1. When the chain is treated as a GNM, springs tying every alpha-carbon pair under 10 Å, which of Met161, Met29, Met186 comes out with the largest mean-square fluctuation?
2. If I stretch the segment between Val243 and Val11 completely, what's the gain in nm (0.36 nm per residue apart, minus their alpha carbon distance), one decimal?
3. So what is the diffusion coefficient of the chain in µm² per second by Stokes-Einstein at 37 °C and 0.692 mPa s, using a Kirkwood Rh over Cα pairs?
4. What is the ratio of the Cα radius of gyration of segment 1-151 to 2.2 N^0.38 Å, where N is its residue count, to two decimals?
5. Output ³J(HN,Hα) for segment 151-166: one whole-Hz value per residue in order, computed from phi by the Karplus curve 6.51 cos²θ - 1.76 cosθ + 1.60 with θ = phi - 60°, and x for Gly and Pro.
6. Which of the listed residues, Gln146, Val243, Ile12, is farthest toward the dipole's positive end in the chain, when Lys, Arg count +1 and Asp, Glu count -1 at the beta-carbon?
7. Would you mind telling me the antiparallel percentage of the DSSP bridges in the chain, rounded to 5?
8. Given segment 71-217 reduced to its alpha-carbon atoms as identical point scatterers, what log10 I(q)/I(0) does the Debye formula return at q = 0.09, 0.13, 0.16 Å⁻¹?
Amino acid sequence: MFTMNAIGNEVIRLKEVDSTNLYLAQRMMTVKPGEGTVVIAENQTAGRGLDNNTWESEPSKNLTFSFILYPFFLAVADQFYLNKIISLGLADVFRKFLPDRTDIRIKWPNDIYIGDYKAAGTLVQNGVKGDSFEYTVIGIGLNVNQEVFRSDAPNPISLKMASGHAFDLQEVFQESLASLNHRYEMLKNGRRPEIDRNYLDLLYRLNQIERYLYKDNEIRAKIKGVNRYGQLVLEKPDEEIIVCDLKEIQFIFEP
Ligand code: BTN
């Protein structure tokens, strides 16, 4: 039996690790950490991003952490609610530390954008058996004080780059845990309509005609929202509706 604990009840701090997600997934196979256990590393030697990309983060400049949840109350078909509450929790953090910015958005499925620049990314790795959750490992990369990014990530930004001043990493970490807990509580308490509304309100490029690469063809379309399964729903100018998965669509950014 797992006990239900808040995110951050136990925090494992590491100087260096390959990837905090890998670390927690491996512990899952052996000691089964309690719900909410967080692993935070000053440096990741093999930080992972979506699509097998690497995640660039200069040691001790940013937050790179992962935590484990046992969302037994959630049907696997509703798993996108995890993406929603995590992105909302992170967006809350950016809104708190950058109160003057009105352009903080969630880029589907769960990146945080400031303007057209990516400030945080999330890697959700679900362990599912049949139609039940066994566990989920959620990894967060939140750019705080890094100013130069060397990888080919197209459009990185950090809190410092957006504001011109440095932030206390521990303060941003504690605020992240508080916001993520608040949003996870909303989900546990059945506040799904509010979560849906909040996510849609913050969705990057909602209702704007923009350019996308869809199944290798360039299209112009408006994001209309996400469906129950977390797929992105867009509408083309001829009113054709497109429903797509992550691998089928790329956002095109104007130079
Ligand atoms: C993305 O590509 O947008 C997802 C990036 C997720 C990066 C974080 S950093 C902490 C955790 N450990 C990893 O190896 N990846 C996630």
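1. Top of the fluctuation ranking is Met29.
2. The span from Val243 to Val11 would gain 79.6 nm if fully extended.
3. 175 µm²/s
4. Compactness ratio reported: 1.04.
5. My calculation for segment 151-166 gives 6, 8, 3, x, 8, x, 8, 10, 4, 5, 5, 6, 10, x, 9, 7 Hz in order.
6. Checking the options against the dipole of the chain, the answer is Ile12.
7. 85 percent
8. Taking Cα atoms of segment 71-217 as identical point scatterers yields -0.30, -0.63, -0.93.
Coordinate-derived values only; no laboratory data. Remember, predicted model here, so these are calculated numbers, not experimental data. Glycine also receives a Cβ, built like all others from the backbone with ideal geometry; neighbour counts cover every protein chain displayed.
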